[in-house]
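Participant: Handing you a structure now.
The values are calculated or read from the model by the stated rules, or taken from the named source; none is laboratory data. Predicted model, so just to flag it, every value in this text is computed and none were measured. Cβ sites come from the backbone with ideal geometry, for glycine too, and all protein chains shown count toward neighbours.
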Amino acid sequence: MNEGLLHGVVYSVLIVTVVLTATAMALWFERKFAARLQTRLGPTIVGPIGLLQPVADLLKLLQKEDIVPDNADAAIFNLVPPLAALAALGAAAVVPFSPSVVASDLDVGVLYVLAIGAVTVLPIFGAGWSSNNKLALLGGMRAVAQSISYEVPLLLSAMVPVILSGSLRLGTIVQTQADHHWFVVWPFFIGLPAFGIFMLAMLAEANRIPFDIPEAESELVAGVTTEYTGMKFALFYMAEYVHTIVASAVGAALFLGGWDGPFFPGLHWMVLKTLILFTAVYWIRWTLLRFRSDQLMGLCWKWLVPMGVLLVGAAATWVVVFP
Amino acid sequence: MTALQTVQITRRVDPHLSIDRYDPEGELMLLHFGPQHPSTHGVFRMDLYLDGEKVVKVIPHVGYLHRAVEKLCETLAYVQITPIVDKNDYVAPMTNEQALNMAFEAALKLEVPRRARWMRTLFAELQRIASHLLWLGTFALDLGGALGGGSTVFIHCFRERELVLDLFEEVTGARFHYNTHTIGGNRHDLPAGWSAKVHAALDVIGPRLDEYEAMTLENRIFLDRTVGVGKLDAELALELGITGPILRACGVDHDLRRDAPFHAYDEVKVNVVTAQGGDCLARAQVRLGEMRESVRLVREMVDSVPEGSINSGKPVKLPVQTKIPPGQVYVAIETPRGELGTYLVSDGTQFPYRLKIRPPSLHALSALPYIIPGGTVSDAVAILGSVDPIMGEVDR
């Protein structure tokens, strides 16, 4: 029992540290990457090739005045930023970075990830409601509609690897892929579309372009974060990045074989796959325009959900026919 | 004007909808959209009455950038006015100078040398390319956000716009507020080797326009956001005095460059670009087509600029002493945004008695109460971006 507790503490501290550091580096990476897409240089001044830019950003945000609007619901207003960061970090607990590096290999790992993902909408809605700002309220409304709708295709697509491997434990899902094939490789006609739906739904949950309508800065100024300043804003910002990293890691584990790969240790492969997915997310973000919220709902309910249902059916048939 | 093809609109929005009667319970949300808002293209304000996300009524408010330019002009000598009006349409500053000085020349019955007219035409077309590039960039920003794909288009468009500004800098020494047109002609002659630089710049811009077309008109999300959004019918557009790309996007084949040629437009063939539908997509199509057409025109004209003097004004001891005989004159030119008119009343002194500027953007904004209601907040942003308002000339 004590050993389990120690394991949990050590790994959670380790993983939180790693994920947060990765978030800081992701900020730098995104800025450099976006700059190259836009024929700019990106950060160059702070540190070698601008590597210390996230530190400078953080220091700047720490110095900002912390403002709570007069008519805001102060209790909720102050509570939700850490909650957002917490919910985003929580999902990292069950990600198997290698056969041994996992904070807690829950029996219901997939369910846990999806549940934590669903919780992330609460702080966003709370922020939109408590800010007492019309733009924030509109952002909150959009966020709730979007997150709850995309929960459905996310669940359906995550069901596919669960059915194929016969387990809700992420470790077992990765092990099944290591023993046979990655799910995007075989059966590719089930795994590949399911992977696509999973990533789209994850983008929508993490509020990334083309699904970032809750914060749509050209329409709603900054959406739910309009009234937030300084570190509270930074926490929301961080939550988004952590969510993207964790979503990429979960996607890699569910569909791309997780830590499975030749020549190098499992951890290397897991990190590499996560980074590739993460880069793809940012590539999409800095290339595409934004959907309108009703079009977003149309995409979800008219395309992703029926396809998800079909894929779950196909996966179930596959398991029965080729056990 | 040629045949009017009306876009079929089943029901027109009532811009004077009484909110008290429509919504006696006070359920609607009134959102003050602007003047400090990232997508209002300056300091424009719209009062949006929202039913959820749906816009029920729009009240546009202008005047936040009012600088009393017209009144100020009444206290300035004629040659001093040019740099003031430069700031009106600050995205296409050159066209302001052209319209103004053409009015002065018309009042003075002054013939502009052919070389100067050709140069003005060239500048106007280059200015059109620069202005439409900026529009494309900001429109993409409105659709895609400052932290996403929109800003990528925006910065790419600015890159090409720089090339045009470099060309202007070469001629006038200024990148933006040029003050190069004066009564009777131009102030700065074309430097040697300028046409080669124009060709070099167009060699870059031309192919990139293809890229932009692929990035926008063939982009599924762009089409989803623009098709059928902000539909304006031709009749209403004409009623409201809308001109330029917005009118041509309604299918009305109207362009002052061809219909009432000024500068050297009577010596070249201008192909007027029109589109059907009157929605945001049609406006984008017209502007993208016009950029191509401008590239073609500039290429055609830049090598054959006639030799000669660039200014026909008689040498005077003090230019500020220029007097215009009593009378009134109205001159209109086609700017990137439509018909920019200058109405001048002179009482024979060295100052204008009244100078009225008719900005195309103001008329374009007057369509908003008709075309925004029924859409969502996102549509409102897209529509506002597609009419390309420049607040500097709206408020003057």
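Conditions (1) surrounded by fewer than 16 Cβ atoms within 10 Å (Cβ to Cβ); (2) over 30 Å from A:Leu296 (Cβ atoms), marked per residue:
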site	(1), (2)
B:Gly173	yes, yes
B:Ile183	no, yes
B:Ser195	no, yes
B:Arg220	yes, no
B:Lys231	no, no
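Participant: Quick check on my filter: what residues within region B:138-151 are assigned to a helix (DSSP H, G or I) and either surrounded by fewer than 23 Cβ atoms within 10 Å (Cβ to Cβ) or more than 14 Å from chain A (Cβ to nearest Cβ) (or both)?
Facilitator: Residues satisfying the conditions are B:Thr138, B:Ser151.
Participant: Let me ask something else about it. Quick check: is even one residue across region B:328-348 within 30 Å of B:His41 (Cβ to Cβ), of a type in the set (Asp, Glu) and away from every other protein chain (no Cβ under 14 Å)?
Facilitator: Yes - at least one qualifying residue is present in region B:328-348.
Participant: Residues that are closer than 26 Å to A:Leu61 by Cα and among the β-branched types (Val, Ile, Thr): does region A:266-285 have at least one?
Facilitator: For region A:266-285, residues closer than 26 Å to A:Leu61 by Cα and among the β-branched types (Val, Ile, Thr): present.
Participant: From (1) away from chain A (no Cβ under 14 Å); (2) over 18 Å from the mean Cα position of the chain (by Cα), pick out the condition that doesn't hold for B:Gly244.
Facilitator: Result: B:Gly244 passes all but (2).
Participant: Residues of region A:145-180 being part of a loop (DSSP other than H, G, I, E, B) and touching a residue at least 40 places away in the same chain (Cβ under 8 Å), which ones?
Facilitator: Restricting attention to region A:145-180, the residues satisfying the condition of being part of a loop (DSSP other than H, G, I, E, B) are A:166-169, A:180.
Those that are part of a loop (DSSP other than H, G, I, E, B) and touching a residue at least 40 places away in the same chain (Cβ under 8 Å): A:Gly166, A:Leu168, A:Arg169.
Participant: Going by the conditions given, is B:Asp253 more than 14 Å from every other protein chain (Cβ to nearest Cβ), over 30 Å from A:Thr39 (Cβ atoms), under 23 Å from the mean Cα position of the chain (by Cα) and not in a helix (DSSP H, G or I)?
Facilitator: yes
Participant: Go through region B:335-375 and count every residue that is closer than 28 Å to A:Gly223 by Cα, β-branched (Val, Ile, Thr) and in contact with a strand residue (DSSP E or B) (Cβ under 6 Å, 6 or more places away or on another chain).
Facilitator: Result for region B:335-375: 1.
Participant: Does B:Pro38 satisfy being modelled with pLDDT of 75 or more and either away from chain A (no Cβ under 14 Å) or in a loop (DSSP other than H, G, I, E, B) (or both)?
Facilitator: yes
Participant: Can you tell me which residue in region B:152-184 is nearest to the other protein chains (Cβ to nearest Cβ), limited to those that are in a helix (DSSP H, G or I) and among the aliphatic types (A, V, I, L, M)?
Facilitator: B:Ile155
Participant: Then there's this: Specify which of the listed residues (A:Trp269, A:Trp286, A:Trp259) is within 13 Å of chain B (Cβ to nearest Cβ) and among the aromatic types (Phe, Trp, Tyr).
Facilitator: On inspection, the qualifying residue turns out to be A:Trp286.
Participant: Need at least 3 residues that are over 30 Å from A:Phe264 (Cβ atoms), in contact (Cβ under 8 Å) with a residue 60 or more places away in the chain and away from every other protein chain (no Cβ under 14 Å) per element, so show me which helices (runs of 4 or more DSSP H) inside region A:1-101 make the cut, counting only ones lying wholly within it.
Facilitator: Numbers: elements: A:2-37, A:53-63, A:74-90.
Answer list for region A:1-101: A:53-63, A:74-90.
Participant: List pairs: first in region B:211-238 and within 12 Å of another protein chain (Cβ to nearest Cβ) and more than 14 Å from B:Gly149 (Cβ to Cβ), second assigned to a helix (DSSP H, G or I) and among the β-branched types (Val, Ile, Thr), Cβ under 8 Å, 6+ apart or cross-chain?
Facilitator: B:Val229/B:Ile383
Participant: Now a separate question. Take B:Asn88 and tell me if it is part of a helix (DSSP H, G or I), on the phi < 0 side of the Ramachandran plot and surrounded by 22 or more Cβ atoms within 10 Å (Cβ to Cβ). Let's see the steps before the verdict.
Facilitator: Numbers: part of a helix (DSSP H, G or I): no; on the phi < 0 side of the Ramachandran plot: yes; surrounded by 22 or more Cβ atoms within 10 Å (Cβ to Cβ): yes.
It is false that B:Asn88 is part of a helix (DSSP H, G or I), on the phi < 0 side of the Ramachandran plot and surrounded by 22 or more Cβ atoms within 10 Å (Cβ to Cβ).
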